[in-house]
Amino acid sequence: MKIIFRWFGSNDDSVTLEQIRQIPGKPGIAGTLGDIPAGEAWPANRIDALKKQVEDAGLKLEVIESVNIHDSIKTGAPERDKCIENYITTIERLGSRGVKVICYNFMPVFDWTRSDLYKKLEDGSTALSYEQKEIDKINPENIAQTISKGSKGYSLPGWEPERMSRIKELFAAYTEVTEEKLRDNLKYFLDAIIPSCEKYDVKMAIHPDDPPWGIFGLPRIVRNESDITKLLSMCSSPYNGLTLCTGCLGASTANDIPAMIRKFADRIHFTHVRNIKIHSEGDFNETSHLSADGSLDLYEIMKAYYDVGYTGYLRPDHGRMIWNEQARPGYGLYDRALGIAYINGLWEAINKGNRA
Ligand code: DNO
């Protein structure tokens, strides 16, 4: 496996490349150009500048998280063909500069959703949390304001103010989009882009819906094993793959993460490894990565990756805010660096134990 660290760029991240370089094992970077609106082609000079910046810091840029999908592609609106053409241009530009994996999602309107970005845990740290009854109280038009206000000035991935200002319009665009249509639209997108992915050796890695159940009446199609089986079989190229996010899928007790890793092994190109504490179905908060702190067994997860001979990319995911760090919710340095140290420890122990 190749360990990497998500980095939002020098204007949008409190963590620096120099800090990342000092994390044990010197992870690579999952980078992005977050200011380029979904639907536009990423300019070659911007990609070059990002790559140079990462490489000048002694790190590698082989994963992009994310190249976002324009809503017209998800709803099947007429502008989708232009947006897909631009997406292909982005794939070609990224691939010819050494990018191997693009992480993306196909969630309507919102990326991940939480009811609290700073839930106080009993040790005084804070973490992202999700309580269904709080979500049910919210008019989705206001959740955008609530979430961005709570983010202490950081723009949140998938919650960009420009998109959220069009939220009414976006909801309206999805009224006719059933799960079946959304799936057809994903297939249309994949059929169009995968030949370029194959040519430029760029693997697509879809991120599951977070949380992995329906919210606000919007359709969802990447929630569980059956959804994933459908999406992988709708386009059988290995370039149509997964970002297996343990904490995201793991929020539903019906999802057995080690079993999913074993089942989908050859199509997992990227994994987010994190832990969550489930209080009851539909209510959870994020925790440190440690198995004992949450509901997921990280040893069993890493063992499954070891057993399938995982060689893809892995990153720690959402950390808590600890030691008074001020950072983008979920994306501080300290708790994610602890996560990497722990994951490396599990991996080394599994590896050496296996040889004994
Ligand atoms: C949350 C992330 C997601 C992920 C996107 C991929 O923190 O895991 O925002 O990057 O869903 O497009």
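Observations on the structure shown:
- Apart from one condition, residue 36 fits all of (1) hydrophobic (A, V, I, L, M, F, W, C); (2) in contact with a Ser or Thr (Cβ under 9 Å, 6 or more places away or on another chain); (3) crowded, with 20+ Cβ neighbours inside 10 Å; the exception is (3).
- Residue among 215, 261 that alone is among the β-branched types (Val, Ile, Thr) and at pLDDT below 95: 215
- Residues of the stretch 320-330 classified as buried (at least 23 other Cβ atoms within 10 Å of the Cβ) and either within 11 Å of the ligand (Cβ to nearest atom) or among the β-branched types (Val, Ile, Thr) (or both), total: 2
- Some residue of the stretch 183-204 being hydroxyl-bearing (Ser, Thr, Tyr), open to solvent by 20 Å² or more (accessible area, probe 1.4 Å) and within 26 Å of residue 295 (Cα to Cα): no
- Being over 21 Å from residue 62 (Cα atoms) and within 16 Å of the ligand (Cβ to nearest atom) holds for only one residue in 191, 209, and it is 209.
- Of the set (1) under 21 Å from the mean Cα position of the chain (by Cα); (2) buried (at least 19 other Cβ atoms within 10 Å of the Cβ), all apply to residue 131 but (2).
- Checked against (1) in a loop (DSSP other than H, G, I, E, B); (2) within 30 Å of residue 221 (Cα to Cα); (3) open to solvent by less than 50 Å² (accessible area, probe 1.4 Å), residue 23 passes all but a single condition, namely (2).
- Qualifying residues in the stretch 52-66 (those that are out of contact with any helix residue (DSSP H, G or I) (no Cβ under 9 Å at 6 or more places or on another chain), surrounded by 15 or more Cβ atoms within 10 Å (Cβ to Cβ) and of a type in the set (D, E, K, R)) - the one farthest from residue 100 (Cα to Cα): 65
- Filtered by the rule that a residue be open to solvent by 10 Å² or more (accessible area, probe 1.4 Å) and in a loop (DSSP other than H, G, I, E, B), the stretch 221-249 gives 223, 224, 234, 235, 236, 237, 238, 239.
- Single residue of the stretch 86-123 satisfying the filter (open to solvent by 40 Å² or more (accessible area, probe 1.4 Å) and in a loop (DSSP other than H, G, I, E, B)) that is farthest from the ligand (Cβ to nearest atom): 122
- Residue within the stretch 294-310 that is closer than 18 Å to residue 66 by Cα, open to solvent by less than 10 Å² (accessible area, probe 1.4 Å) and of a type in the set (Phe, Trp, Tyr) present: no
- Restricting attention to the stretch 4-20, the residues that are away from the ligand (no atom under 16 Å from the Cβ) and outside any loop (DSSP other than H, G, I, E, B) total 4.
The values are calculated or read from the model by the stated rules, or taken from the named source; none is laboratory data. Just so it is clear, the model here is predicted, and its values are computed rather than measured. A quick note on method: Cβ atoms are made from the backbone with ideal geometry, for glycine too, and the neighbour counts reach across all protein chains shown. To get the accessible areas, we keep the full protein, side chains included, count just its heavy atoms, and leave off ligands, DNA and RNA. Shrake-Rupley method; radii C 1.70, N 1.55, O 1.52, S 1.80 Å.
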